[in-house]
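This report refers to the structure that appears directly beneath it.
What follows is calculated from the coordinates using simple rules that are stated; it is not laboratory data. Just so it is clear, the model here is predicted, and its values are computed rather than measured. As a convention, Cβ positions derive from the backbone with ideal geometry for all residues, glycine included, and neighbour counts pool all protein chains shown.
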Amino acid sequence: MNLGKIACRKCVSGGFGLLVSCLVWAAPGPVGLTMSKTITPYMTEIRYEDREPEQPAYISRILVLGDRMRIDYGQDDQGFILVDRPAGMVWHVSPGERRLTGIASGTVKDVWPKDWILSQEQMPSEQGVLSQVRLNGALCVEFKSAPLLKNEALLLQEFRRILAANQANAWLATPEELRQPCSLAIDVHAAGIEYSRGLPLAVRYWDGRSRVYQGHDKRAARPELFELPAGYSRFVIGGDQGKAERRQPRSSQTR
């Protein structure tokens, strides 16, 4: 798949898209990866079948080790997204360009219109709970959740929340006639809502995107898959870069 052709909406919905296309402003920064102090011999592998409108389906692999998460297509030596929860950072790693692009968490601007109403309904369903989220009555996302891998689901939710401030900036930079109301609702106002009730078994978005759970396994931990490559150029978007730098281990800053 050509990453450059993937719209930015995918990277905020949890799929592995070209994260750089979502960025509003970029500046060089030395921020690195915060290493987890928790040592575990296992990592979790979750597999989803993701689909874009009028595009063939593909498998996304999600690896979780402690408080770090890697999202890729299943290839160890290809590009990936890395979520560093303690640092409040999401990184897009591009081996072809030898480039690291990071989004730092920040304060979400108040861009929610006062007269918009977001509602959520839940109903029992086989193997879980079916939830529907509507904006002013229009369906934005429908998802079926099960009480599986709650810690991993929370990390996926945090991934979406880290991106929310940058998505608010993107919303403000988009001409009003091109704005999608459900995008503001799901990517900013209620970012990560589809992961709020546990691991989603299936997700369907207003614009035709979908995600279907394929399975999960425990694997022997491979910490090297959660490292940022050395020698790549770095660009950081959003957040307080000074604070972000101070909360990184010095070894990761100079890597």
Study note, to complete from the structure: The size of the Cβ-based charge dipole (Lys, Arg +1; Asp, Glu -1) of the stretch 118-214 about the Cα centre, to the nearest 20 debye, is 180 debye
**Study point:** Other-chain or far-sequence residues with amide H under 5 Å of Val141's (modelled H)
**Key:** Val133
Check your understanding: If we count other beta carbons within 10 Å of each Cβ, what is the order of Leu149, Leu172, fewest first?
Key -> Leu172, Leu149
**Study point:** Kirkwood Rh, Cα atoms: Rg over Rh of the stretch 118-214
**Key:** 0.98
Study note, to complete from the structure: Sorted by chain and number, the residues with a modelled amide H under 5 Å from that of Leu148, at a separation of 5 or more or across chains, are Leu199
**Study point:** For the stretch 45-138, with +1 on Lys and Arg beta carbons and -1 on Asp and Glu, the positive-most of Pro95, Gln78, Pro53 along the dipole
**Key:** Pro95
Exercise for review: Fewest Cβ neighbours within 10 Å first, please rank Trp112, Trp171 accordingly.
Suggested key: Trp112, Trp171
Check your understanding: Considering only Ile186, Thr174, Leu148, whose Cα is most displaced toward the positive end of the charge dipole of the stretch 118-214, charges sitting on Cβ of Lys, Arg (+1) and Asp, Glu (-1)?
Key -> Leu148
Point to revise | Ranked Lys218, Lys109, criterion: other C-beta atoms within 10 Å, fewest first | key: Lys218, Lys109
Check your understanding: Tally Lys/Arg at +1 and Asp/Glu at -1 over every other residue whose Cβ is under 12 Å from the Cβ of Met69; what's the total?
Key -> -1
